[in-house]
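Reading through the structure tokens given below for one structure.
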Amino acid sequence: MSGVEAVSRTGQDGVMRARDIAVSLPTVTVRDPPGTEVFYSEHEGIDWNVIFLLLGMMIVIGIIKQTGVFDYLGIWAAKRSRGEPYRLMVMLMAITSTPAARPGGASRSSTRA
């Protein structure tokens, strides 16, 4: 057997294996990826309450952003932390979580009636 025949034979074996795999593929059951039911289920459909909640939040944030409140709070936190990264991180976490933790804040809107 020459080198060309050996390469040709190896190539034929590879093609035959690929054909065997391709023939067996249609027997595999295709399922939705895990977690698909979180965003959409055929029974309940799209949760429009969540969609409109997010849309409303984006509109409010877009308006507040134009006033410069976020820039002011970021500069204020950076000055108060005196350049210490840990203190800055803690202050930014406190600034971010305070509106959501107050009564009637974001935590109240996430509960369903």
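The values are calculated or read from the model by the stated rules, or taken from the named source; none is laboratory data. Just so we're clear, the structure is a prediction, and the values are computed from it rather than from any experiment. Cβ coordinates were reconstructed from backbone atoms using ideal geometry, including for glycine residues, and neighbour counts include every protein chain displayed.
Taking GLU37, is it modelled with pLDDT of 90 or more, among the acidic types (Asp, Glu), out of contact with any helix residue (DSSP H, G or I) (no Cβ under 9 Å at 6 or more places or on another chain) and surrounded by 10 or more Cβ atoms within 10 Å (Cβ to Cβ)?
No, not satisfied.
Could you list, in sequence order, all residues of the stretch 80-111 that are exposed (fewer than 10 other Cβ atoms within 10 Å of the Cβ) and either at pLDDT 90 or above or among the hydrophobic types (A, V, I, L, M, F, W, C) (or both)?
The answer is ARG82, PRO85, TYR86.
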